[in-house]
Structure formats: C-alpha cells, structure tokens
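Reading through the structure tokens given below for one structure.
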Number of protein chains: 2
Amino acid sequence: MAKITTRAENYSEWYNQLVQQAEMAENSSVRWCMVIKPYGFAIWENIKDVLDKMFKNTWHQNAAFPLLIPKSFFTKEASHVAWFAKECAVVTHYRLKNDPNWKWIIVDPEAKLEEELIIRPTSETIIWDSYKRWINSYRDLPILVNQWANVMRWEMRTRMFLRTAEIFWQEWHTAHATAQEANEEALRMLDVYRDFAENFLAISPVTWKKPAHDRFAWAVETYTYEPMMQDFKALQAWTSHFLWQAFGKAFDVKFTNQNNELEYVRWTSWWCSTRMVGWIIMAHGDDNGLVLPPLLAPYHVAIVPIFKNQEDLNDIMNFLKPLIEKMDNASLDAHSKYIKDTIKVKYKIDSDTQKTPGRKFSEYEMKGFPLRVTVWKRDLENWQVEVFNRITEEKTMMRLDDLVENLEDILLKQQKDLYEKNKAFREANTYYVNTYDEFKEKIEKWFIFAHWDWTAESAEKIQEETKATIRCIPNEWFVKQNDEWVDMISWKPSVWRVLFAKSY
Amino acid sequence: MAKITTRAENYSEWYNQLVQQAEMAENSSVRWCMVIKPYGFAIWENIKDVLDKMFKNTWHQNAAFPLLIPKSFFTKEASHVAWFAKECAVVTHYRLKNDPNWKWIIVDPEAKLEEELIIRPTSETIIWDSYKRWINSYRDLPILVNQWANVMRWEMRTRMFLRTAEIFWQEWHTAHATAQEANEEALRMLDVYRDFAENFLAISPVTWKKPAHDRFAWAVETYTYEPMMQDFKALQAWTSHFLWQAFGKAFDVKFTNQNNELEYVRWTSWWCSTRMVGWIIMAHGDDNGLVLPPLLAPYHVAIVPIFKNQEDLNDIMNFLKPLIEKMDNASLDAHSKYIKDTIKVKYKIDSDTQKTPGRKFSEYEMKGFPLRVTVWKRDLENWQVEVFNRITEEKTMMRLDDLVENLEDILLKQQKDLYEKNKAFREANTYYVNTYDEFKEKIEKWFIFAHWDWTAESAEKIQEETKATIRCIPNEWFVKQNDEWVDMISWKPSVWRVLFAKSY
C-alpha cells in the first residue's frame, strides 16, 4: 500500500488519496457522480442509523416523496429558484428506441413530456404540495416528517463526499400551528444535531445563527454548524431553518385554528448529508489515513496473527478464543441525551498468507480500524498481545485477559479522546482579535472571533479582501461576555463577536 | 371513517380504498409517482430493516452507485435494452433559467448534455462498470454488493405499491470466480427470501424456476416467488437470476484465476421491492382494512380508554400502568434461520376526546393494529380489559395481568396464525388437473398444477385462450411425485407439473 501525500504537503491531495486508498469512494463513469464503495457506505449507514433513531425518539416519522418535480413548481416563488434550483437535471423525454438504420439507441422524439420534470435538488415544493392536502385543521398539526433521499444539483467542480451532483441526505420539513411550537421544534433539533456531533462524530463545532445576508431564502433564522478542519477551514455539513409562514403563504397552506379562524401554517426545515463523511475524514484523519470515532466505525478491531505455518496459526487462534468470544457478544453503549442504544462490536481476523504483516498494518491504519491486535507465537506463553490504538497512536503490550475485560471501555475511551482532541484543536486555533491588521495576519491559519457591525457591507468588504466569511453568530458559549467593541473596519458599534473563517 | 368497498364487490377498488383509508400512500402531483405516507413507509422500513440484516448476516455489503446512467451504456447489449429500458426518464439538459420577458422559468437551451443520461431503470450496467475496475484477480472475488435504491420506469397504468414510475427496491449483483460458488450464492439467497416470506411476511408462496421463455434476458435460470392473492391471482414481488458469465462477457470483465489464466466472471442478481407492501395488503387484508403480520407492524397495540371525564381517564391510566410498563420494555423475538434479532413492541394510547370510540375502533382496524385493548371504567374492579385480535377477529375479556404476562406470546401466536391462514388459503385453492377442459373451468378461481411439454408454443396457446401463464416450475415440495403424464393441449410427454395462474 503506497504512502499518501501528507497533509502538510498538500491537504487537498491528501484528502483525495485517502478517499481512494481507504476504499471509501471513487469517481464513476458518470461525470460529477461518485460511487460510494462498501467501506465508505458502511460509515454513512452507521451515521444514518443513529440519526434516524434520534429523529424517531423526538417523534419524527419517515416518508417518501417523488424524485421528480414538475418545472412549474419552481416558479411559485422566484427567489426560491434563484437560490438553488438553476443548475439541475432536467427530464424532457420518457422513451428510448432502436434506430433501425444504425442498430443504436436513440431518444424517441415523439416521447416528449408536456411539462419538463426536474430531479429534485431539494424537496420542499413537492412535500408542501402533499401537506396542502393533509392539513385542514389544527388537529392535523404538527406534521413531523423526514425523508432520507438522493437529490441532485449540477455541480461542476466536484469533490468526493463534499460536492457531487448526486447527494444523499436527510431533509425534514415540519408544519406547526403556532410560532412557539415551531420554535421549540427548531431548538430541539438544533440540540439533536449538536448531540450527534459531539457524541458520535466526535466533533466540536461552533454553532448558532447565520448572519441575515447569508440565510436560506425565506428563513427567519438559519442555524449552522461549523467545525474546524485540520487546514483551519470551516466545513458546513448541515443547516437548519426556521421559516415561519413563508412556505405556508407561497403554497397557500392554511389551517383552521382552535378559534375557527384561518391561519397560515408555520414550518421548519433541516438537512444533513454525506458531507458528514467528509467531516470525519478532514477533522480526524492523519498522514496514515482515516481515523474513525469507534461509535461510527464499520469495524472496531483488526486481528493480525503472525504465523509461519498452519500449526502456529492454530495455536494463535486457540489462544485468542476468549477475545473472539468476547467480541462476538460485546456492544458499545451509545447513550446520549436523545438515544439509548447499543452498537455491536465488529472485528476482522486477517490470516491472509499473501500479504505481509506490514502491508496489513498499513491497510488497517488507512481504513481507521480503532484497534489493531497483533499476536506473535512468542507472546502466547506470556498471555499477551500487542494493541495498537489508532486514535492515540500508542502501541502497548497487554495481557489478553485485560483486553478481554476492558474492550468496551477502551473503545469508549477512544471515542472520548477523539472528541477532546478535536475540541482542543479548534480551541487552540481560535483567536479573539480586535484590529483588522491582526485579523488579516491570523485568518490564514485560525478561526477568528471578531466584532462586526451587523451590516452586509462590512462582511462583503472583509470577504473581498481576505476571502474569509462570517461562518456564524455564535451563542454565548463561544464569545466572551461584556465584550463591547467596534467593527474592525467600519468602527461602528458591535455588541457581539462573530466567527470568521475560510471555508469549503 | 367511511366503509370501504368489499373484496367481493370489487377487489381492485377495495385495494385502492384501503391504501387511501389506511393512510399508506397517495397519488402525487407528478403523474405516475406516488407519495408513500408515514404509515405505509413505516411498514416498508420494517421490511428493509429485517431483510438488510439478513443480507448482512450472509456476508453482503451495501454500496451506492449513480442514479444516472449514460445512454451509451444501454447499447452494449441490445437484448438487455429490449427487456426493460425503453420506457424510461431521459435527462437531456442541466440548467433552468429565468425567461426575462415572462418572469417564468425555462430550460436553458444552451445547457444541453452531450450525451443523454437515463434515470436508472435497474443498475447492472453502471454497477458492472465499477466491478470492471475492482476485479483483476480471483483474490478480488467474490463481490457481494447490494444497493437499496430508487429506480424509474415509465409505467402508464399505475397502481400504488404494485406499479408506479418510481420504485423503491433492493438490487444486488454478485461476482464470483466459479460457477459452483455462484450457484451456492444463488441457492442461499433464494432461501433467505423464502425465510423472510414465511417468517416475516407470513406468506407462503409457490417458488422455483421460471420457464425458459420467461427468463430475464441473459439468465441461465430465473427463480421466482408467486404467492396467491385473495382474488386467486399471483403477484410476483421478487425474482432472482443466475446469470453465469453473460454480463462478464458483455462488459468484458475477466479475472486471473489461481492457475494464472484469464476467465470471465460469473454473476447473480436479485431484487425485491415496495411491491411487498402490496403483497401484505392483498394477501392478508379484509373488508375492514389492513391486516399486518406483527413482526412488520408499525404499532402492535392500540389502547382505547373509554371515559366520560378526566377523573375516569386518570383512573383508567393508573389501572393500565402495569401494561404500559410492560409494553415499554417488551420485544418480539425475530429469530429465524438467517436472523437473530428482537423487535421492540410499539403502542399508541388514544385518549382523543373528539372522536367516538367507534371511529377509533374502525381506524385501528383499518390500519391493521394487531391488538386493540379497550378499557371501560366498569371493568376496572374486575381487573379486566377487552382485547380485540385483528388477525382472528376474536374479541375477548382478559385479566390485565394475563395480558401483561402473555403479551409477546399473543403477538407471536398471531404471526404464526396469519402464516397458517395464508398457507391454508393457497392450498385450499390449488388444484391438480389433468385435462384442458377442467383447466379452463378452474383457472378463474384457482392455482392450477398441470402438466406441460416444456415448449413456449403450448404456454402461449394456453395464455391466449385463458389469460393464464406459467408462473413457475415448482420444486418437489409442490408437485406430486411419480406423476408422469402428458401436456394438456399438445399431448406430448411431460414429467413435471407446473404452476398456472392469472397474475398481476
């Protein structure tokens, strides 16, 4: 297995090579679309499983709405189209036929659709078309429906997991009778995402509101999660929107309230996508490959017996029996505020005779198996094995019975260590600056909390000159209290620091 | 809740009304596409969860391949296109734009794709395009990859869950070094589907081979599962194909075998879809609505307290505490040959004051909740509740502690009863006939096992005259042994009875 480019040499090339070598994904023969290979897809499935349970534990249900959306649906609100729907896949015909002269397949010109259909770039228009049928009275509310779906945007500069034409995501669109209830829903789900980031992804993002000029069209508030990647850039992988009555009005969805009056419905909207796999790679990976939070890893332990002949192998496998038995029955507690579940420990025993141990070692490091257990014949008499911890990179000799006894604790400790590492990295690379000179100097390598006068003009000027944007207006966890000051460039008053960073 | 048309009056109308009234699905504003509503989708999710675990327990992995397939991929093998790909959705453009004069959205004529892209009607062409990159030597085999995906075929006569343009399905495509291994895989997975049908769907289909004239293009064998619906028609919801080297040759996928020689790869292919939800409706439903196998039901128990005021309700809820506590912790053993899992018991307490008890009863019957527990204040002193069994339609008074103690057993017994009922229904409506006259008389209302001379001509003639087709060549479980006879119409020798039926 070839070494990959280091992060220091070329971060972007490091990412691409890691995705390839860890067998996570590959470019397909369809331009702009990727193939998610089994190993990469297993990580996404683990993400989905946990999030889906969290959504269901907060009373959401899944449903499925059509892949194709009539073009006229996009014209209901021009600002909506402007935002996202211009670059998209348009279906115009519904039949192929054999060209009799050329033994070739052609699109049948007679099978032209009366109205073109768009492969959904996002589904609110088609989902609210159903909600309109479902909602008559306050008794039909709330509707808390989520959809796991593939969506498509015609992205020209693609990057696996981060930016591709076809994206796998979850989008939910809730409908509520009152603003208060919609607000509670919004805050609850913001917290669900936070819980998932911290306890499962092992990532500590800066969160809270987007500035007004960067909100989703129609949103009263857009909330965001901005974790720091190892190149000090922010990578946004999910946002949530509180949209009050905008969609209700656009689609004319009213309900009869308890006083028998007609009102427009309130809504919220949320998404997160396969970009989260990109988060994991960029936030945790190192020059030897992927590093995975154990709670989302496809496998937890790689067992590599070192043997010269079948007899050695038999002895080693006999010796390992208590560990195998343990792993067959072990589960990790995946308990957090919104989930109470267990995740089965999975392992791989690699007794392949055609690969060298060294090659196996680098393969499991590349794929980010949290633990690698290596067993030499000579160590059997001392009842010990070598345990390599992918997260701390420590290699230790352990008594087999200690490993058996503490397996779950070791893995859960790794999960915690990885989160602490990520949090410490972000904190160590975050600066509070007060002057624009200092800002320009530090923005290359740090997250910056700086004062801002809340105007789009100042934000644009800073972006023009430094390429940094306001990633979010953080809540009080992140900013120093009683810290009144002025905007760095306009010198107008500011009362709150905001997060500036370069981003993907 | 309005009564639905009975099965006897109009079976097809009964089906449509049931789908609507049980809130399983609805037609969308996109012609030929349906919206699967939360209740219907929950059934599909339960099906998926169990099948996915069975697939993983038999060493399969999931992956994701592109939604769009270049048109040229369909021309690699003309016979393949002829089979399924002619009616399909064709993407020709990739951008919308504002028409400045009309404030309208139009397809940008300048954004025409060089090569049209087809929304996958099935994925073998794009999947084997990847396999070609993945396979070099026998060491890369087998590949056991499955995909849960949406596919699209331009169906003009649609029917919810049975025939729609967009279909949710699972398709797997495996690649093997030897014919023997491919054969083993094929037989194993045939058995996995059987296991699922019998133990989870509670359906007893007739299975085995399709006749040669009805095989999937390129298949050496096509296996099928043909359960009997209550209108005596067969409804095929999954098939499996053993395809040996055909795709390996078409896509030129060779591998180096252990003797260092180049060989074509063998493959198998399988699918099952949301049609299975249609199976459940048509096989088990009755004139009061849906009947669900408990192991796949979204909810297991509906609790309906009958009360006049809040005090009554409090008393009833206090009384029910042991049952609630039980249900919060109860699981059903979902153990079969390929799975060892538990399914959490789910319930709903309906203390709505605006619906009458009668309306609640018909709603839960319509939705097929396996058990309904009704509690009157007057029964509290006897510690008893009324239990309605949706599957046997029996209503009994039970002591609350008996119900608490036996809850899982009652639900698992229902699962078994439903399977036995389905099996008995098929067996009671299956005839072994020897003459064509008898055949023509019985084919309206029965499954017929009759002799056939193995020629397409005889099969076609019978189909022309009776609309019945050969659904499958059953294995020995279904046919009488030592039963040599002649074809009903050609009088040529036959050695094996085949299944004739009308079908969807």
(request) May I ask you to derive the relative contact order of the range A:96-158, considering only C-alpha pairs under 8 Å and at least 6 residues apart, and to give it as an integer percent? (result) 27
(request) Provide the FRET efficiency to the nearest 0.05 for the B:ALA179-B:ALA456 pair, computing r from the beta carbons and using R0 = 35 Å. (result) 0.85
(request) Would you work out which of B:PHE439, B:PHE361, B:VAL375 lies farthest towards the positive end of the dipole of chain B? Charges go on Cβ: Lys and Arg +1, Asp and Glu -1. (result) B:PHE361
(message) Compute the helix-to-body angle for A:310-329: its Cα long axis versus the longest principal axis of chain A, expressed 0 to 90° and rounded to tens.
(response) 40
(message) Run the Debye formula on the Cα coordinates of the protein assembly as shown, all scatterers equal and no solvent, and tell me log10 I(q)/I(0) at q = 0.06, 0.08 1/Å.
(response) -0.50, -0.92
(message) Output the 0 to 90 degree angle, nearest 10, between the alpha-carbon long axis of helix A:38-57 and the longest principal axis computed from the alpha carbons of chain A.
(response) 60
(message) Below 8 Å, C-alpha to C-alpha, sequence gap of six or more: please give me the relative contact order for the range A:14-169 in percent.
(response) 27
(request) Please list the non-local residues whose amide H lies under 5 Å from the amide H of A:ASN429, H modeled 1.01 Å from N, same-chain partners needing a gap of 5 or more. (result) none
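Counting only protein heavy atoms and using a 1.4 Å probe, what share of the accessible area of chain B belongs to carbon plus sulfur, as a whole percent?
Details: 9780 of 20830 Å².
Heavy-atom surface of chain B belonging to carbon and sulfur, 1.4 Å probe: 47 percent.
Helix-only mean residue ellipticity at 222 nm, chain A, DSSP H runs n ≥ 4 weighted -39,500 (n - 2.57), per residue, nearest 500. What is it? Could you put the intermediate results ahead of the total?
On the way: 12 runs with 159 residues, N = 504.
Taken over chain A, the calculation gives -10000 deg cm²/dmol.
Dipole of chain A, Cα-centred, from +1 at each Lys and Arg C-beta and -1 at each Asp and Glu C-beta, to the nearest 20 debye? Kindly include the intermediate steps, with their values, before the conclusion.
Working: 65 positive and 73 negative charges, 159 e Å.
Here chain A has a charge dipole of around 760 debye.
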(message) If the reach is capped at under 15 angstrom between alpha carbons, list the aspartates and glutamates near A:LYS440, excluding any in the same chain fewer than eight residues apart.
(response) A:GLU460, A:GLU464, A:GLU465, A:ASP487
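Given the range B:306-375, what whole percent of its Cα pairs are spread farther than 17 Å? Spell out each step's value before the answer.
Details: 1349 of 2415 pairs.
Here the long-distance tail beyond 17 Å is 56 percent of all Cα pairs in the range B:306-375.
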(request) Please report, in debye to the nearest 20, how large the charge dipole of the protein assembly as shown is about its Cα centre when each Lys and Arg carries +1 at its beta carbon and each Asp and Glu carries -1 there. (result) 1160
(request) Please work out the Kirkwood hydrodynamic radius for chain B, using every pair of different C-alpha atoms, and report it in angstroms with one decimal place. (result) 25.5
(message) Distances in nm, one decimal, shortest first, from A:ASN136 to the same residue in every other copy, taking the label point 7 angstrom along Cα→Cβ.
(response) 6.6
(request) Mind listing the label-point distances from A:ASP49 to the same position on all other copies, shortest first, one decimal in nm, points 7 Å along Cα→Cβ? (result) 1.2
(request) Largest first and to the nearest Å, give the Cα extent of the range A:178-247 along each principal axis. (result) 40, 26, 14
(request) Please give the average number of partner chain Cβ atoms lying within 10 Å of the Cβ of each residue in A:23-32, rounded to a whole number. (result) 5
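May I ask you to list the trypsin sites (Lys or Arg not before Pro) in the range B:1-74 that are in a DSSP loop and have at most 14 other Cβ atoms within 10 Å of their Cβ? Could you put the intermediate results ahead of the total?
Numbers: sites: B:LYS3, B:ARG7, B:ARG31, B:LYS48, B:LYS53, B:LYS56, B:LYS71; in loops: B:LYS3, B:ARG7, B:ARG31.
For trypsin sites (Lys or Arg not before Pro) across the range B:1-74 that sit outside H, G, I, E and B with at most 14 neighbouring Cβ atoms in 10 Å, the list reads B:LYS3.
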(message) Using a label point 7 Å beyond Cα on the Cα-Cβ vector, give me the inter-copy distances for A:ASP483 in nanometres, one decimal, shortest first.
(response) 8.3
(message) Using the basic label-point model (7 angstrom from Cα toward the beta carbon), what is the B:GLU263 to A:LYS249 distance in nanometres?
(response) 6.9
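Accessible area per residue of chain A at 1.4 Å probe, in Å²?
Numbers: 20820 Å² over 504 residues.
On a per-residue basis, 41 Å².
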(message) Amide H of B:GLU221 versus every other amide H placed in the peptide plane: which residues, excluding those fewer than 5 positions away on the same chain, fall under 5 Å?
(response) B:PHE242
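Sorted by average packing, counted as other Cβ atoms within 10 angstrom per residue and highest first, what order do A:414-421, B:63-70 take? If you can, show how the numbers build up before the last one.
Details: A:414-421: 18.6, B:63-70: 24.8.
Final packing ranking: B:63-70, A:414-421.
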(message) Need the C-alpha centroid separation for the range B:134-204 versus the range B:380-454, integer Å.
(response) 28
(request) Apply 1/(1 + (r/R0)^6) to the Cβ-Cβ distance of A:VAL486 and A:ILE106, taking R0 = 56 Å, and write down the FRET efficiency to the nearest 0.05. (result) 0.25
(message) Residues of the range B:141-172 losing 30 Å² or more of accessible surface, assembly versus chain alone, probe 1.4 Å, please list them.
(response) B:ASN150, B:TRP154, B:GLU166
(request) Please state the charge dipole magnitude for the range A:198-335, taken about the Cα centre, from unit charges on C-beta atoms (+1 on K and R, -1 on D and E), reported in debye and rounded to the nearest 20. (result) 600
(request) Filter the cross-link list A:LYS86/A:LYS132; A:LYS233/B:LYS97; A:LYS37/B:LYS346; A:LYS48/B:LYS340 down to pairs whose alpha-carbon distance in this structure exceeds 27 Å. (result) A:LYS233/B:LYS97; A:LYS37/B:LYS346
(request) Would you tell me the accessible area of A:ASP341, worked out with a 1.4 angstrom probe on the heavy atoms of the protein chains, in Å² to the nearest 10? (result) 40
(message) Averaged across A:123-136, how many Cβ atoms of other chains sit within 10 Å of each residue's Cβ atom?
(response) 2
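Once R0 is set to 25 Å, what does the formula 1/(1 + (r/R0)^6) return for the Cβ-Cβ distance between A:LYS348 and B:ARG194, expressed as a FRET efficiency to the nearest 0.05? Could the numbers behind the result be given before it?
Working: r = 30 Å, r/R0 = 1.20.
Working from the Cβ atoms, E equals 0.25.
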(request) Find which of A:ALA182, A:ALA89, A:TRP148 sits farthest along the positive direction of the dipole of chain A, computed with +1 on the beta-carbon of Lys and Arg, -1 on that of Asp and Glu, about the Cα centre. (result) A:ALA89
(request) Let me know the mean shielding of B:106-117 by other chains, meaning the per-residue number of their Cβ atoms within 10 Å of its Cβ. (result) 3
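Take every Cα pair under 8 Å in the range B:299-453 that's 6+ residues apart, average their separations, divide by the length, and report that relative contact order as a whole percent.
Numbers: 197 pairs, mean separation 34.0, N = 155.
With pairs under 8 Å counted, the relative contact order is 22 percent.
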(message) Give me the summed buried accessible area for the B-A pair, 1.4 Å probe, to the nearest 100 Å².
(response) 5800
(message) Rounding to the nearest 10 and keeping the result within 0 to 90°, find how far the Cα-based axis of helix B:124-134 lies from the longest principal axis of chain B.
(response) 70
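The values are calculated or read from the model by the stated rules, or taken from the named source; none is laboratory data. Since this is a predicted model, take the numbers as computed values, not measurements. All Cβ positions, glycine included, derive from the backbone under ideal geometry; neighbour counts span all protein chains shown. Only protein heavy atoms, including side chains, enter the accessible area calculation; ligands, DNA and RNA are left aside. Shrake-Rupley method; radii C 1.70, N 1.55, O 1.52, S 1.80 Å.
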